[in-house]
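Since the structure comes first, as structure tokens, the remarks are kept for the end.
The values are calculated or read from the model by the stated rules, or taken from the named source; none is laboratory data. Predicted, not measured: the structure shown is a model, and the values here were computed from it. Cβ coordinates were reconstructed from backbone atoms using ideal geometry, including for glycine residues, and neighbour counts include every protein chain displayed.
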Amino acid sequence: MPLIRKAALLPAQTGGLDWQVEVSRLQAGSADERRAAARALAAEPRAVPALAAALNEPADARLREAIFTSLATQDNAASFAVMLCHLRADDAELRCLALDAMKLMPQQAASHLPSLLGDTDPDIRLSACELARQMPPETAAPLLAARLTSEPQVNVCAAAIEVLAEIGRPAELPSLGACAARFPAEFFLNFSVEAAADQIRARAG
Amino acid sequence: MLCDHLYRETGIAFGEGKEYYVTRRLTERMLATENVDFAAYFAHLTTQGSAERQHFINAFTVNETYFYREDYQLRCLTGDLLANCVAAKPPGAPLRIWSLPCSTGEEPYSIAIWMLENWPLVDNYNIEIIGSDIDTAVLEAARGGVYGKRALMRLDSRLVAKYFEQPDAENWRVIGDLRDSVLFAPVNALETLEMRRFGRFDVIFCRNMLIYFDEVSRRIAAENLYEALLPGGYLCLGHAESMSRISGIFEVCRYADAIVYRRPPEPGHG
């Protein structure tokens, strides 16, 4: 003893962020530099277009996750718009990362949830149900219930029912019943409705 | 308002059901600063350069722990992780381990004792152990290295006799050589520039910290931890925590004693 060496810290970094230098690093640095730049740009709203552009390039998943975290940290309309765009991407990994990041921005997500649930693309409506899972029940549950009364795609209905099973209240029970009635031949859906209704009733006591 | 401020300072989110916890600590700080109403205290707290900022953070952090807690991870450290960490290191190379948050020091001292007792190669490398916490008061206690009987309950009498001295009937103090072997320094895991000051580590123990953060803060902390690891370095979380629910940037490594997370090695390296 002592067998263990006392460590030393590096000097503190001083000076503010030069966001344009960080954008250059994001565009042309090594993998580590690009990730570090993406993370540093979380503090710079003017960097949203550069972060969005970097998502369009072939990139490793770690850079993409850093970019999405930075956009979520910014938590503004511009950064959420980038995620909305990538929710329609052909690349499944990009879609999932965008959806995960949208869950980190509950206020932005809440304001877009009605339009996402009414989107013409059933895949977007499906993602919107997943997004609703993270939101306050009083915001999300009535929107999901309303969707159930007119949604033509059984898979979207099933996704909404699954979320309502977690967050729904007795007020949503009639919409669940109406959905089951619209798809009498879909035994799985009817079973899901019954299970969700049981969960809601159990929570309500 | 207070909880928002605490969240901005630390990333710790106090939701419904924590009113008692928050009120109790707020009352303590208001009494300590002789502020009779909340508005006056909050103004004092948020004054630029106020020393109360650190006292406030200290009051709201959770600091209960003991030696050899979650020792399955220590078995994993010496049984599996360290062999991989030193595979490409020459003798005498640094081997860096970070305990974050370390609270009053039980974990970094436990790591040191465990390695001395259980890793035959302990003399072959320059081992650096750093303990960090956002709470400066607990770091001061960690440097002092004095513990009560309860903190030592998992250590057998041989280890207590070897690594502690007993200043009085109720307390045991970590011996000087061991205290000199661990560096304690404050850090906020959400502050990227602060985290970078510590350089890169072979192994980081970060147990039961992320559970106090909200989703965004968890992602930021996870990325800071990733950046603080050497390629191929390991992250050990608490038994109830899963990085897979927070971020996909780490590899999951399943060993006999524990599941840990790894920063992937760079191409051409172990």
Can you tell me which residues in region B:111-157 are away from every other protein chain (no Cβ under 12 Å), among the hydroxyl-bearing types (Ser, Thr, Tyr) and touching a Leu at 6+ places or on another chain (Cβ under 8 Å)? none
Which one of the conditions (1) surrounded by 15 or more Cβ atoms within 10 Å (Cβ to Cβ); (2) assigned to a helix (DSSP H, G or I) does residue A:89 fail to meet, given that it meets all the rest? (2)
Only one of (1) in contact (Cβ under 8 Å) with a residue 12 or more places away in the chain; (2) charged (D, E, K, R); (3) out of contact with any Cys (no Cβ under 9 Å at 6 or more places or on another chain); (4) within 14 Å of chain A (Cβ to nearest Cβ) is not met by residue B:165, so which one is it? (1)
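One line per residue, one yes/no per condition, for (1) more than 10 Å from chain A (Cβ to nearest Cβ); (2) surrounded by 22 or more Cβ atoms within 10 Å (Cβ to Cβ); (3) at pLDDT 95 or above:
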{"position": "B:176", "(1), (2), (3)": "no, no, no"}
{"position": "B:188", "(1), (2), (3)": "yes, no, no"}
{"position": "B:193", "(1), (2), (3)": "no, no, no"}
{"position": "B:197", "(1), (2), (3)": "no, no, no"}
{"position": "B:209", "(1), (2), (3)": "yes, yes, no"}
{"position": "B:214", "(1), (2), (3)": "no, no, no"}
{"position": "B:245", "(1), (2), (3)": "yes, no, no"}
Among helices (runs of 4 or more DSSP H) completely within region A:97-167, the ones holding 2 or more residues that are over 15 Å from the mean Cα position of the chain (by Cα), closer than 19 Å to residue A:181 by Cα and not small (Gly, Ala, Ser) are A:137-148, A:154-167
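Each row is one residue, and each column tells you yes or no for (1) facing chain B (nearest Cβ under 10 Å); (2) under 21 Å from the mean Cα position of the chain (by Cα); (3) of a type in the set (A, V, I, L, M, F, W, C).
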| site | (1), (2), (3) |
| --- | --- |
| A:28 | no, no, yes |
| A:40 | yes, no, yes |
| A:43 | yes, yes, yes |
| A:47 | no, yes, yes |
| A:53 | no, yes, yes |
| A:62 | yes, yes, no |
| A:68 | yes, yes, yes |
So residue B:266, is it within 12 Å of another protein chain (Cβ to nearest Cβ), acidic (Asp, Glu), within 18 Å of residue B:100 (Cα to Cα) and free of Cβ contacts under 8 Å to residues at least 40 places away in the same chain: no
Go through region B:26-45 and report how many residues are within 30 Å of the chain's Cα centre (by Cα) and not in a helix (DSSP H, G or I). 1
From the residues in region B:216-232 that are more than 11 Å from chain A (Cβ to nearest Cβ) and either modelled with pLDDT under 95 or outside any helix (DSSP H, G or I) (or both), which one is farthest from residue B:6 (Cα to Cα)? B:232
Since residue B:158 meets every condition but one in (1) surrounded by 18 or more Cβ atoms within 10 Å (Cβ to Cβ); (2) outside any loop (DSSP other than H, G, I, E, B), which condition does it not meet? (1)
Taking the stated definitions as given, is residue B:177 closer than 22 Å to residue B:83 by Cα, charged (D, E, K, R) and assigned by TED's automatic domain parsing to the domain that holds residue B:125? no
Pairs where the first residue, in region A:150-170, is touching a residue at least 24 places away in the same chain (Cβ under 8 Å) and the second is part of a loop (DSSP other than H, G, I, E, B), C-beta under 6 Å, 6+ apart: A:154/A:183; A:154/A:186; A:157/A:151; A:163/A:133
